[in-house]
1. How long is the gain from A:A114 to A:L47 if the chain were fully straight, where each residue apart is worth 0.36 nm and the alpha carbon distance is subtracted?
2. Just check the range A:97-144 against the gyration tensor rule for me: Cα atoms, a ≥ b ≥ c as the square roots of the eigenvalues, rounded for a/c under 1.5, and otherwise prolate or oblate depending on whether a/b exceeds b/c.
3. Which FRET efficiency value, to the nearest 0.05, is calculated for A:T81 and A:A145 with the Förster distance at 45 angstrom and r the Cβ-Cβ distance?
4. Let me test this: with uniform point scatterers at the alpha carbons of the range B:48-118, what is the Debye-based log₁₀ I(q)/I(0) at q = 0.13, 0.26 1/Å?
5. Per-residue mean of other chain beta-carbon atoms within 10 angstrom of the beta-carbon, peptide A:72-79?
6. Between B:K87 and the same site in the other copies, what are the distances in nm, shortest first, taking label points 7 Å from Cα along the C-beta direction?
7. Using a 1.4 Å probe, what is the accessible area per residue for the range B:59-124, in Å²?
8. Label position 7 Å from Cα toward Cβ: report the copy-to-copy distances for A:S155 in nm, one decimal, ordered from shortest.
Protein chains: 2
Amino acid sequence: MQNTAADKIARDRLAAGALALDRQLCFAVYSAGLAFSRRYKPILNALGLTYPQYLVMLVLWEEDGGSVKDIGERLSLDSATLTPLLKRLEEGGLVTRERDPADERRVRIRLTEAGRALRARAEPVPAMMGCAIGLQSEALERLRADLEHLRRSLSGEEERGGDAPA
Amino acid sequence: MQNTAADKIARDRLAAGALALDRQLCFAVYSAGLAFSRRYKPILNALGLTYPQYLVMLVLWEEDGGSVKDIGERLSLDSATLTPLLKRLEEGGLVTRERDPADERRVRIRLTEAGRALRARAEPVPAMMGCAIGLQSEALERLRADLEHLRRSLSGEEERGGDAPA
DNA sequence: CACGATTAAATCGCACGCAAAGAAATAGCG
DNA sequence: CGCTATTTCTTTGCGTGCGATTTAATCGTG
């Protein structure tokens, strides 16, 4: 595989096409997501949480006592992911898992006292992360909103304002 | 945990704080990333690739013959992630893995004929994904650029007013 | 009430993503 | 040259994500 100059030119022209890594929105999102989780890791480590566990705790701090499915809908994760994660939170003493007496199919997740107490220690986390981001809050909010729109489009939750339903 | 109306109001005020899930940029990125990979899955399945494998192939289609480290730097993934992934691509007959004779620490990754041929089948993928996204291309590009900036900030590649070489 | 359909979790298998430790080769320095 | 430090890749272990399957409970219909 010797590369002649002509070969390289030919490859570069192809690379400039639709498959160019650097123009993939998906890669930008993927890569930013990894960067986020790496940045969060040492901070959340101090709280004894992984990044997905932190997200689950955010849900619970807003709305305690939901079922596994409820939490899954909030985060768009399914029970195959959440069940083991929630068991680890339970082992860590942050939540309890109990079958709902009114519907034994459901498992209700409730914060323990330790789980609620952890909220205070998590309070400064967003500000700490904010320092790591070089964007003004208006730009941040626009970016967040664009991503939410993107997620909705990708999930097929089209919300008509221009997107013709198939 | 009976919820009185007062409790709920108290919780909502807390939820409106910095820890509110729906105002976390990190969650928007995380969630959009998962939505992307779910959307890509059936398409890439037809090519016999996972989503991270697809990203590696994008790199190789642009620049063949790099080392594991080279690919890792392009995608910001380390060799612990890439080694097994590349072995699977090798098993699938898409790449070869050979120690570099000039430096036996390196493993050079090269596309096989099948690996190069797969490019043609991948060509329509971006257009297929484009249809799934409800944004104009200008907005898309702005979003992509914002995310790239975000990734850089998070990775500590700060470039305040241009990339200051360390 | 019976019984098939649906729903909610759990379980299993596989592929990441990464920290930590290990192995092999090279670089650097006296 | 010799020896240590560094670089590159590999391996191991753990925690996600998720498809597929299983189990148990509830729903809907007759």
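1. On the way: separation 67, 0.36 × 67 = 24.12 nm, distance 1.15 nm.
This chain segment gains 23.0 nm when fully extended.
2. Working: a/c = 6.07, a/b = 2.18, b/c = 2.78.
Oblate, since a/c reaches 1.5 and b/c is not below a/b.
3. Details: r = 26 Å, r/R0 = 0.58.
Once rounded, the FRET efficiency stands at 0.95.
4. Per q value, in the given order, log10 I(q)/I(0) is -0.30, -1.31.
5. Working: counts 0, 0, 3, 5, 5, 2, 0, 0.
Shielding by partners across A:72-79 averages 2.
6. 2.6
7. On the way: 3670 Å² over 66 residues.
The answer is 56 Å² per residue.
8. Values, ascending and in nm: 2.8.
The values are calculated or read from the model by the stated rules, or taken from the named source; none is laboratory data. Note that the coordinates shown come from a computational prediction; the quantities given were computed from them, not determined experimentally. In this analysis, Cβ positions are derived from the backbone assuming ideal geometry, glycine residues included, and neighbour counts consider all displayed protein chains. These accessible areas exclude ligands, DNA and RNA; they are computed on the full protein's heavy atoms, side chains included. Shrake-Rupley method; radii C 1.70, N 1.55, O 1.52, S 1.80 Å.
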